[in-house]
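Enquirer: My structure is below; once you've seen it, I'll send some questions.
Every number here is computed from the coordinates shown, using simple stated rules; none is lab data. Being a predicted model, the structure only gives us computed values, none of them experimental. Cβ placement follows ideal geometry from the backbone for every residue including glycine, while neighbour counts extend to all protein chains displayed.
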Amino acid sequence: MNQPVIYEEKTANDRLVMHVLYGMHTVAWLSMGTLAVIALIVNYIKRGDEQDPGYIAHHSYMIATFWWTIFWLVLTSPLYLLFIVPGMAAWTIVGLWYLYRCIRGWLRFTNGTLP
């Protein structure tokens, strides 16, 4: 069961940065992944500077989501190269999973719970 997280004193800017990062990950498909890579870099930088365990968990969640997505895209890429329809289906499933994870994490951050 998810327990509410008591965040340290955070400014509105700290929360805004997290919302922007979740937003960038969520709409990354519009930029063919470029926004996700930029958000990933910022996630690594911010996670290293962060003291709040809740914020660290959300940064780690976004990082893990990105790398698992890359893993599944690479793993299913032979399907896409050899058989277009099964490959498209596999990449669609991976893309929907990525979108689900981004939205789920974003909602949990908004509600003040861990991912």
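Enquirer: Could you give the length gained on full extension between T113 and Y44, defined as 0.36 nm per residue of separation minus the Cα-Cα distance, in nm?
Expert: 22.8 nm
Enquirer: Ok, one more. Under a 5 Å amide H to amide H cut-off, with H placed in plane at 1.01 Å, what residues pair with L114 once short-range neighbours are removed?
Expert: Long-range HN contacts for L114: Q3, V5.
Enquirer: Could I ask something else about it? List, largest first, the extents of the alpha carbons of segment 12-111 along their principal axes, each in whole Å.
Expert: Extents along the principal axes, in whole Å: 47, 23, 21.
Enquirer: Let me ask something additional. Let me check I've understood the local charge: for I63, count other residues with C-beta under 12 angstrom from its C-beta, Lys and Arg +1, Asp and Glu -1. What total comes out?
Expert: +3
Enquirer: Report ³J(HN,Hα) in whole Hz for each residue of segment 20-25, in order, from the Karplus equation J = 6.51 cos²θ - 1.76 cosθ + 1.60 where θ = phi - 60°; Gly and Pro get x.
Expert: So the J values, rounded to whole Hz, are 5, 5, 4, x, 4, 5.
Enquirer: Sequence gap at least 6, Cα distance under 8 Å: using those rules, report the relative contact order of the chain to the nearest whole percent.
Expert: 35 percent
Enquirer: Assuming R0 = 41 Å, can you tell me the calculated FRET efficiency for the pair R104 and F83, based on Cβ-Cβ distance, to the nearest 0.05?
Expert: E(calc), rounded to 0.05, equals 0.85.
Enquirer: What fraction of the Cα pairs in segment 54-115, stated in percent, has a spacing above 12 angstrom?
Expert: 67 percent
Enquirer: GNM, the chain, Cα, under 10 Å: largest mean-square fluctuation among L81, L21, L73?
Expert: Looking only at L81, L21, L73, the biggest GNM fluctuation is shown by L81.
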